[in-house]
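The values are calculated or read from the model by the stated rules, or taken from the named source; none is laboratory data. Since we're looking at a predicted model, the values are computed, not measured. Every residue, glycine as well, gets a Cβ built from its backbone with ideal geometry; the counts of neighbours run over all protein chains shown.
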Amino acid sequence: MRKLSWLVVAFLVFACAKDIGKNQIKRRDVLSAQRLMGVTFSKSEIDTMLNYLSSNRQGYDSMRKFSLPTSATPALYFDPRPSQFQSKNRQSTSDWKVPQEVTLPENDSEIAFLSVAELSTLIKFRKISSTRLTQIYINRLKKYKDTLQAVVTITEELAFKQARQADEEIAKGIDRGLLHGIPYGIKDLFAVPGYPTTWGAEPYRNQIINEKAAVVKRLEDAGAVLVAKLTTGALARGDVWFGGRTKIHGT
């Protein structure tokens, strides 16, 4: 709800942007907009907002160069499909091409770069435990965390709890599918109880939403193991977040 208020305040500021002229959008403009909304933001929240308002101002100015008649019918939905597009019938089941035989590499780095399908086979036939695989990835997350700037929170306690559960289930012959016991990371836009959901923005770096995002729940039901919440640009824009700038590649 608070994020929605943020967006509405931003809209109100831009709605008045014609009157601002060439002047920079200032704090007083945001204060006026938030009074109209009946909400209050902290200094750090307004600072974050000002950065986006200033950088996006050019985009709004460019849109105003297009003359749109009042008779134009508003778009009711967006359909990216080309005209005459026909969807193909798909099989009800997917062939993930999971190999039946995979040799476990001796080196942890080689293990880390195996495909999900290969790792799934190793776990299914108990050539490697989910707990060991989880440890390998957590070690790498800790090692390269500062180098890549791609991780906000390592969910170590939760990860080992889920990995141990996966190992116990597999030992009992329970098979949840391809992702059973596979470690994964998820963008820090998705809420996980007990861990911060920062949206990549400074004002929300300590925000904890004690709800479980639907996609997290579905991955959990599939037996996947959450090892980290990954960076996202502030409020899901770009690659700059409150901890730095996410690198696009690395070791």
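Observations on the structure shown:
- Some residue of the range 201-216 being of a type outside the set (A, V, I, L, M, F, W, C), farther than 30 Å from Ile46 by Cβ and touching a strand residue (DSSP E or B) at 6+ places or on another chain (Cβ under 9 Å): no
- Pairs are defined by a Cβ separation below 6 Å, a sequence spacing of at least 6 or placement on different chains, a first member in the range 105-128 that is hydroxyl-bearing (Ser, Thr, Tyr), and a second member that is exposed (fewer than 14 other Cβ atoms within 10 Å of the Cβ) and at pLDDT below 95; the pairs so defined are Thr121/Pro99.
- All of (1) outside any helix (DSSP H, G or I); (2) surrounded by 10 or more Cβ atoms within 10 Å (Cβ to Cβ); (3) of a type in the set (Gly, Ala, Ser) hold for Ser32 with one exception: (1).
- Set Gly173, Gly177, Gly181, Gly185: member being assigned to a loop (DSSP other than H, G, I, E, B), closer than 15 Å to Ala228 by Cα and assigned by TED's automatic domain parsing to the domain that holds Thr232: Gly181
- Glu157 passes every criterion in (1) free of Cβ contacts under 8 Å to residues at least 12 places away in the same chain; (2) surrounded by 21 or more Cβ atoms within 10 Å (Cβ to Cβ); (3) over 21 Å from Ile46 (Cα atoms); (4) not β-branched (Val, Ile, Thr) apart from (2).
- Residue that is modelled with the highest pLDDT [pool: residues in the range 211-246 that are on the phi > 0 side of the Ramachandran plot and in a loop (DSSP other than H, G, I, E, B)]: Gly223
- Figure legend. Inter-residue proximity from the range 209-220: first residues assigned by TED's automatic domain parsing to the domain that holds Lys187, second residues surrounded by fewer than 15 Cβ atoms within 10 Å (Cβ to Cβ) and among the small types (Gly, Ala, Ser), beta-carbon distance below 9 Å, spacing 6+ or different chains. Indicated pairs: Asn210/Gly194.
- Counting only residues that are aromatic (Phe, Trp, Tyr), under 27 Å from the mean Cα position of the chain (by Cα) and not in a helix (DSSP H, G or I), the range 94-144 holds 2 of them.
- Residue match in the range 127-135 (condition: at positive phi and either at pLDDT 95 or above or not aromatic (Phe, Trp, Tyr) (or both)): no
- Single unsatisfied condition, Lys172 versus (1) in contact (Cβ under 8 Å) with a residue 40 or more places away in the chain; (2) more than 21 Å from Ala213 (Cβ to Cβ): (1)
- Selection status of Lys187, touching a Phe, Trp or Tyr at 6+ places or on another chain (Cβ under 9 Å), over 20 Å from Glu45 (Cβ atoms) and basic (Lys, Arg): no
- Answer residue from the range 192-209, given it is in a loop (DSSP other than H, G, I, E, B) and surrounded by fewer than 19 Cβ atoms within 10 Å (Cβ to Cβ) and is modelled with the lowest pLDDT among those: Arg205
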